[in-house]
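Only one structure is covered here, and it is reproduced in the block below.
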Amino acid sequence: MNPKYLTVTALTRYIKRKFELDDHLSTVWLKAEISNFKHHSRGHMYFTLKDDNARILAVMFAGYNRFLKFKPEDGMDVIVKGQVNVYEPQGQYQLYVHEMIPDGVGALHLAFEQLKNKLEKEGLFDQQNKKNIPTIPRHLGIITSETGAAIRDILTTIRRRFPLVKVTLFPALVQGDGAKYDLVKKLEQANDDQTIDTLILARGGGSIEELWPFNEEMVARAVAASHIPIISGIGHETDFTIVDFIADLRAATPTGAAELAVPSKKDIANQIESNRRTLHRGIKAVINRNEAKLNKIQSSYAFKYPKQLLSQKEQELDRLIESIHRNMKSNLTKQQFHYHQLMSRLHSKHPTQQIKLNQQKAGYLTNALENNFKSHFRNKVVQFEKQLDKLKVLSPLETMKRGYGIGYSSSGSLIKSVKQVAPGEQVTFKLQDGYLDCQIWGIEEDQNE
Amino acid sequence: MSDEKRSFEDVMGELDNIVKKLEEADIPLEEAIDYYQKGVKLSKWCDDKLAEVEKQVAHIVDENGETKTMAFEESKDE
């Protein structure tokens with residue numbers, strides 16, 4: 001037979017490994033009584049935890065026990081949280097304690113821690129889920145006891161800092177069994193008022209039992225569900241409740257909550273004053289800017305030397321008038337020249353010459369006419385005289401001198417034939433030296449003719 | 001002013017905006033004057049609001065949702 005040997009060390013390590021692999025043993029909550037308590041000079045605490053039937057060795061190292069708010073002692077009932085493991089040199093299993101709280105209160109702490117872990121895992125503490133608190137609230141809701149220091153502190157603080165805000169108190173039970181229901185109810189009631197923009201959930205200082213309603217899950221969930229941002233101010237500086245973790249803003253005390261809820265009147269006044277100063281500065285800058293612009297415009301040439309501008313215009317006008325005159329004159333001269341030309345042409349064509357010429361002509365013609373007429377007349381006279389001589393020769397009067405007469409009928413016509421007269425007719429006979437009035441007595445006509 | 005019912009935060013915000021606008025370069029004069037006047041008015045409104053020493057009243061909502069009022073207690077050390 002070949003027996004197999006283990007070393008003690010190997011065995012112990014094997015056992016230790018078994019302890020370490022067990023989840024149940026890695027985090028253990030234990031309720032027990034302390035005995036054999038020793039606080040080593042180097043800071044570590046060694047003790048035994050026991051109940052009526054069993055005991056376990058325990059160690060709480062200095063790194064953990066310096067956070068303890070109480071001094072453990074023998075016979076004390078405590079609740080501890082730790083890890084079970086093996087101390088190899090002694091072959092002992094023991095509890096390595098990380099946290100320790102006195103029992104009684106301890107039970108509450110346990111519940112607190114457990115709820116805290118649970119809600120934290122759900123993300124209820126996450127910073128990104130926190131609502132913003134209005135800088136200047138209009139309507140502040142307060143959920144706290146109607147009596148007591150908390151509401152007085154809050155109202156005093158608000159009055160001192162910022163009395164402008166409307167305040168509505170939702171009186172609530174803040175301790176005792178019914179408190180959690182009342183707190184939830186008031187949270188819901190406050191949320192029904194649409195005008196409330198900030199909520200304070202407050203309670204004065206007290207023991208952990210007194211503050212307990214603020215560690216209740218239903219209250220915690222009601223706070224988380226609130227659509228109004230919530231500022232918590234519960235207990236004293238050292239007290240932390242579940243509600244504090246969930247609230248959108250945590251103040252250490254009710255007074256602190258009021259301070260966080262409303263701005264300081266003085267700060268606001270300062271801000272207004274600063275804004276006012278900026279306004280003055282701003283408008284002054286704008287005015288200065290515009291003034292500078294105006295000055296620049298006013299100092300421009302046109303504004304500064306308006307006369308120059310005018311005289312310039314006048315000069316221009318003079319120049320134009322002159323130019324008009326000049327043009328007029330030149331135009332006139334041109335026209336005059338033209339006129340003169342026409343006049344001289346007209347003069348050169350004047351009819352006087354022609355008249356003279358024609359008068360001369362007329363003169364010649366008149367003379368010629370007269371001469372011609374005279375010569376013609378003389379000719380005619382000569383002719384006439386010739387004719388007259390001829391006539392003299394041919395005149396019946398000459399013949400009558402020789403005894404011939406001429407008879408005229410009563411009608412004056414020359415009687416050449418006996419047929420021209422009838423018996424009884426008065427006739428006239430002209431002779432050389434006068435007339436004979438005769439009457440026809442008879443007519444004898446020649447037959448042989 | 002007609003904005004008696006406006007929230008203080010609102011008015012402060014507007015005042016802030018006006019101050020910013022007035023600080024902008026090249027703002028026309030008329031506009032600047034408007035802003036200035038509005039700004040002074042608003043800051044006066046804020047001042048007045050702050051100066052109002054009203055008797056502070058807290059409203060208390062009872063179990064039935066009914067509201068009654070409660071005057072602030074003067075703190076003795078004030």
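The values are calculated or read from the model by the stated rules, or taken from the named source; none is laboratory data. A quick note: this is a predicted structure, and the numbers were derived from the prediction, not measured. Cβ placement follows ideal geometry from the backbone for every residue including glycine, while neighbour counts extend to all protein chains displayed.
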Any pair with Cβ under 6 angstrom, 6 or more apart, that starts in the stretch A:174-199 at a residue that is assigned by TED's automatic domain parsing to the domain that holds A:Ile143 and ends at one that is among the basic types (Lys, Arg) and surrounded by 17 or more Cβ atoms within 10 Å (Cβ to Cβ): A:Val174/A:Arg203; A:Asp197/A:Arg138
Count of the stretch B:34-64 residues which are at pLDDT 80 or above and more than 7 Å from chain A (Cβ to nearest Cβ): 9
Output for the stretch A:208-239, where each listed residue is more than 19 Å from A:Phe125 (Cα to Cα), of a type in the set (Asp, Glu) and crowded, with 16+ Cβ neighbours inside 10 Å: A:Glu210
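Return the only residue of A:Asn327, A:Asn288, A:Asn367 being at pLDDT 85 or above and within 24 Å of B:Leu22 (Cβ to Cβ).
Working: A:Asn327 fails: within 24 Å of B:Leu22 (Cβ to Cβ); A:Asn367 fails: within 24 Å of B:Leu22 (Cβ to Cβ).
Only one candidate passes the filter, namely A:Asn288.
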Residues of the stretch A:147-186 classified as under 30 Å from A:Ile268 (Cα atoms) and among the hydrophobic types (A, V, I, L, M, F, W, C), total: 12
Strands (runs of 3 or more DSSP E) fully within the stretch A:73-183 counting 2 or more residues that are under 30 Å from B:Ser7 (Cα atoms): A:139-144, A:166-171
Qualifying positions in the stretch B:17-53 - among the acidic types (Asp, Glu) and more than 13 Å from the chain's Cα centre (by Cα): B:Glu23, B:Glu24, B:Asp26, B:Glu30, B:Glu31, B:Asp34
Residue match in the stretch A:196-207 (condition: within 11 Å of chain B (Cβ to nearest Cβ) and either surrounded by fewer than 17 Cβ atoms within 10 Å (Cβ to Cβ) or in a loop (DSSP other than H, G, I, E, B) (or both)): yes
Evaluation of A:Asp192 against (1) surrounded by 16 or more Cβ atoms within 10 Å (Cβ to Cβ); (2) under 26 Å from B:Thr69 (Cβ atoms); (3) out of contact with any Lys or Arg (no Cβ under 9 Å at 6 or more places or on another chain) (one fails), failing number: (1)
The stretch A:261-285 - residue that is in contact (Cβ under 8 Å) with a residue 12 or more places away in the chain and crowded, with 20+ Cβ neighbours inside 10 Å and, of those, farthest from the other protein chains (Cβ to nearest Cβ): A:Ala261
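Considering every residue within the stretch A:117-135, establish whether at least one is surrounded by 16 or more Cβ atoms within 10 Å (Cβ to Cβ), farther than 20 Å from A:Ser232 by Cα and not assigned by TED's automatic domain parsing to the domain that holds A:Asp193. Working first, answer last.
Start the filter on the stretch A:117-135 by keeping residues that are surrounded by 16 or more Cβ atoms within 10 Å (Cβ to Cβ), which leaves A:119, A:124-125, A:133-134.
Subsequent filtering for residues that are farther than 20 Å from A:Ser232 by Cα retains none.
The answer is no, given that none of the residues of the stretch A:117-135 is surrounded by 16 or more Cβ atoms within 10 Å (Cβ to Cβ), farther than 20 Å from A:Ser232 by Cα and not assigned by TED's automatic domain parsing to the domain that holds A:Asp193.
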Close pairs from the stretch A:381-403: first among the charged types (D, E, K, R), partner surrounded by 10 or more Cβ atoms within 10 Å (Cβ to Cβ), Cβ under 6 Å, at least 6 apart: A:Lys401/A:Gln432
Identity of the residue in the stretch A:3-55, surrounded by 13 or more Cβ atoms within 10 Å (Cβ to Cβ) and polar (S, T, N, Q), that ends up nearest to the chain's Cα centre (by Cα): A:Ser26
Complete set of residues in the stretch A:159-184 that are more than 7 Å from chain B (Cβ to nearest Cβ) and at pLDDT 90 or above: A:Ala172, A:Leu173, A:Val174, A:Gly178, A:Ala179, A:Lys180, A:Tyr181, A:Asp182, A:Leu183, A:Val184
Every pair of residues 6+ apart whose Cβ atoms lie under 9 Å, when the first sits in the stretch A:1-22 and is not in a helix (DSSP H, G or I) while the second is not charged (D, E, K, R): A:Leu6/A:Tyr14; A:Asp22/A:Val84
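Answer yes or no as to whether A:Thr333 is at pLDDT 90 or above, within 14 Å of chain B (Cβ to nearest Cβ), assigned to a helix (DSSP H, G or I) and more than 34 Å from the chain's Cα centre (by Cα).
Details: at pLDDT 90 or above: yes; within 14 Å of chain B (Cβ to nearest Cβ): no; assigned to a helix (DSSP H, G or I): yes; more than 34 Å from the chain's Cα centre (by Cα): yes.
So A:Thr333 does not fit the description; no.
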Every residue from the stretch B:14-33 that is more than 9 Å from chain A (Cβ to nearest Cβ) and in contact with a Leu (Cβ under 8 Å, 6 or more places away or on another chain): B:Glu14
Subset of the stretch A:232-268 (residues that are assigned to a helix (DSSP H, G or I) and among the β-branched types (Val, Ile, Thr)): A:Ile242, A:Val243, A:Ile246, A:Thr255, A:Ile268
Those residues of the stretch A:35-59 which are within 15 Å of A:Lys81 (Cβ to Cβ) and touching a Gly at 6+ places or on another chain (Cβ under 8 Å), in sequence order: A:Ala58
Tally, over the stretch A:129-158, of residues that are under 18 Å from A:Ala251 (Cα atoms) and within 11 Å of another protein chain (Cβ to nearest Cβ): 16
